[in-house]
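Have a look at the structure below, then the notes.
Every number in this text was worked out from the coordinates using simple rules, so none of it is lab data. The structure presented is a predicted model; accordingly, all values stated were derived computationally and were not measured. Cβ sites come from the backbone with ideal geometry, for glycine too, and all protein chains shown count toward neighbours.
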Amino acid sequence: MHYVIIGASAAGISAAKTLRRLDARSEITIISKEQDVGYSRCLSTYYISGRIPRNKIYICSSDEIANLNARILTGIEAVEVDASSKIVRLSDNNVVIFDKLLVASGASPIIPEIPGLSGQGVHTLRTLGDAEAILSGLSYVRSAVVLGDGLVSITTAAALNSKGVKVSIVGIAPHILATFLDETAARLLQDKLTEIGIDLYLGQSCKEIHRTMSGGLEGVTITDGRKIDAEMVIIAAGVRPNTDFLPNTVISAGPGVQVNEYLETELPEIYAAGDVARCYDFVRNSSWWHPLWPNAVEQGQLAAYNMAGVRRPYQGCTNMNSLNIGGIPVICVGAANQDQPGQETFVLSRSNSTYEKLVFQGDKLVGFILLGKTEKAGVLTSLVFQAAVSPTQKEKLLNGNFSYAAATGLASLKI
């Protein structure tokens, strides 16, 4: 048996580890367009800020990679998958023949069309190479503009701010982190960002990037006509799944490659996991695209089980985000950012530094936001994963009783 994995990040490495544990003898080939494999993209901003050194960004040691006993092709891209012949064509004009294939190719930054974009000083932040390019340019940068209002843009802005750079965020949404936070939670974080010196230009987009006669960056103009000084621009306006090498038949109407409960695509012996996959969302009860690290790790592991012939269904995923801005922790799980028909919303506490919100759909907890105090997140997350909560559980939650025993009806365990 020859297992081939396209991608060497969360889903790909998780799958490779699981395959090798299940099958010590079969051949494994990992194809990575990056030279560096087995590192955490989530830690890139920690690396930029100096909170962790470069060697701590890796999730696998060199010994762990060696123990995979896998053929690892780095700096090479998959350019075409021929499903009928079970062939992956590579950017170096070679081919790899597979018995079973996992597509864990991840996602790439969306690059908007902006006059003046091409040239020095403009970066994305997706890879370790991107992080190193940003770091190498910071020695001469006093001001930067981050384009985007999502998680990567906010954490990148905070990292640059911690290095003494004057940072401005330009985002098209009316508030930051709109894909998972409501306006109330977002505004509390916006106040903190402003307090630490980050300027926010929301409901705006970048109209033009201005350069000096020598090609250096000097600023950007946004849609309302204001000009913002910048010697560096970082594009963090979202990502798109890497699917260009796949047959159009497996690409779903929404973002990503549609998979079934066994992480299988429509093509025989071809699976998908991670940021490239579109999976079942058990909160929305529909197919959804959630490019999140924890989801990718779990999907890679489950895909490997199924590739190895150990049938294990994937129960599905949902939105899960955790961050800390200026000392304010936030955890959001499920659908809690927008009021939907049939939902009940309960705000249990709200102040200048804390916010607790629960969202129910009938007898199911479908989402929550905790800001400032997040110690209740474990119990609430377990309840979101439950099919339903009882009336007694719901009453206790709404009365502020978040103990494990009270919420689940089980005796608490001392570990």
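I need the Kirkwood Rh of the range 122-235: take the reciprocal of the average 1/r across all distinct C-alpha pairs and report it in angstrom.
Across the range 122-235, the inverse of the average 1/r is 14.2 Å.
Among the listed pairs 163/227; 192/227; 376/396, those whose Cα-Cα separation exceeds 21 Å are 163/227; 192/227. In the chain, helical runs assigned H by DSSP with n ≥ 4 each contribute -39500 (n - 2.57); averaged across all residues and rounded to the nearest 500, the mean residue ellipticity at 222 nm is -7000 deg cm²/dmol.
Sorted ascending by nearby beta carbons within 10 Å, beginning with the fewest, 128, 202 become 202, 128.
Hey, can you rank 375-382, 211-218, 162-169, 362-369 by average C-beta count inside 10 Å, highest first?
Numbers: 375-382: 16.5, 211-218: 12.6, 162-169: 18.8, 362-369: 21.4.
By packing density, highest mean first, the sequence is 362-369, 162-169, 375-382, 211-218.
For the range 231-242, backbone phi angles converted through the Karplus equation (6.51, -1.76, 1.60; θ = phi - 60°) give residue-by-residue couplings of 9, 8, 10, 10, 8, 9, 9, x, 10, 10, x, 7 Hz, Gly and Pro being listed as x.
For 206, 317, 60, 279, the sequence from fewest to most other C-beta atoms within 10 Å is 60, 317, 206, 279.
The fewest-to-most ranking of 182, 82 by surrounding Cβ atoms within 10 Å reads 82, 182.
Check each of the trypsin sites (Lys or Arg not before Pro) in the range 29-121 and keep only those in coil by DSSP with at most 13 other C-beta atoms within 10 angstrom; list them in order.
For trypsin sites (Lys or Arg not before Pro) across the range 29-121 that sit outside H, G, I, E and B with at most 13 neighbouring Cβ atoms in 10 Å, the list reads 51.
With just the Cα atoms defining each centre, how far is the range 123-199 from the range 12-75? Give it in Å. Here the two parts' Cα centres lie 27 Å apart.
Could you work out which residue, out of 260, 324, 248, moves most in a Gaussian network model of the chain, that is, has the largest mean-square fluctuation with Cα springs under 10 Å? Fluctuation is largest for 248.
Please state the equivalent ellipsoid semi-axes for the chain: what are the square roots of 5 times the Cα gyration tensor eigenvalues, largest first, in whole Å?
Semi-axis lengths for the chain are 34, 32, 19 Å.
Compared with the alpha-carbon gap, the fully stretched path from residue 55 to residue 248 is longer by 65.6 nm at 0.36 nm per residue. Here the contact order of the chain, divided by its residue count and restricted to Cα pairs under 8 Å and six or more residues apart, works out to 14 percent. DSSP beta bridges fully contained in the chain are about 60 percent antiparallel. Grab the other residues whose beta carbon is less than 13 angstrom from that of residue 204, score K and R as +1, D and E as -1, and report the net. With Lys, Arg at +1 and Asp, Glu at -1, the net is -1. Taking Lys and Arg as +1 and Asp and Glu as -1, the other residues whose beta-carbon sits under 10 Å from that of residue 239 total +1.
If you take all other residues with their beta carbon under 12 Å from the beta carbon of residue 330, and give Lys and Arg +1 and Asp and Glu -1, the sum is +1.
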